[in-house]
Amino acid sequence: MESPNQQRRRHERFEYHNAVTLRLADGRVITGRADNMGFGGAAMIADEEPSGINVGDHGQIRVTFFGRPSDYPCTIVSIKGMHLGLQIQRSDYQGAPENLLSAK
């Protein structure tokens, strides 16, 4: 049986536990690690509880695939303490091939 989170997502998420960096549009940087990632989004756990950020803030998440850093434009869609939900803006993808982020 699918969980409610799986039902509301268009693209499957995969476990991905590597370091990531979120650079917000205002220049602030949040470091942490990805908990999972998919073609349309990612869950991030910040190294420190972020302050002064809001749902709807824009930025770029930097992820390294096979030793190559890739930046993806994103929007913060949820904040729960140190856990951030990010929606990746797919139309602006640069970097990793699409098939690395989705089995579809």
So which of ALA46, ALA42 is modelled with pLDDT of 95 or more and within 12 Å of the chain's Cα centre (by Cα)?
ALA46
GLY59 passes all but one of the listed conditions (1) within 14 Å of MET82 (Cα to Cα); (2) under 12 Å from the mean Cα position of the chain (by Cα); (3) of a type outside the set (Lys, Arg); the exception is number (1)
Looking only at residues in region 69-89 that are over 12 Å from ALA42 (Cα atoms) and buried (at least 16 other Cβ atoms within 10 Å of the Cβ), which one is modelled with the lowest pLDDT?
SER70
Residues located in region 21-68, provided they are free of Cβ contacts under 8 Å to residues at least 40 places away in the same chain, open to solvent by less than 80 Å² (accessible area, probe 1.4 Å) and not in a loop (DSSP other than H, G, I, E, B):
LEU24, VAL29, THR31, ALA34, ASN36, ILE45, ALA46, GLY59, PHE65
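The values are calculated or read from the model by the stated rules, or taken from the named source; none is laboratory data. Note that the structure is predicted; figures quoted are calculated from it, not measured. Here Cβ is always computed from backbone atoms with ideal geometry, including for glycine, and neighbour counts include all displayed protein chains. Protein only, heavy atoms only, side chains kept; ligands, DNA and RNA dropped before computing areas. Shrake-Rupley method; radii C 1.70, N 1.55, O 1.52, S 1.80 Å.
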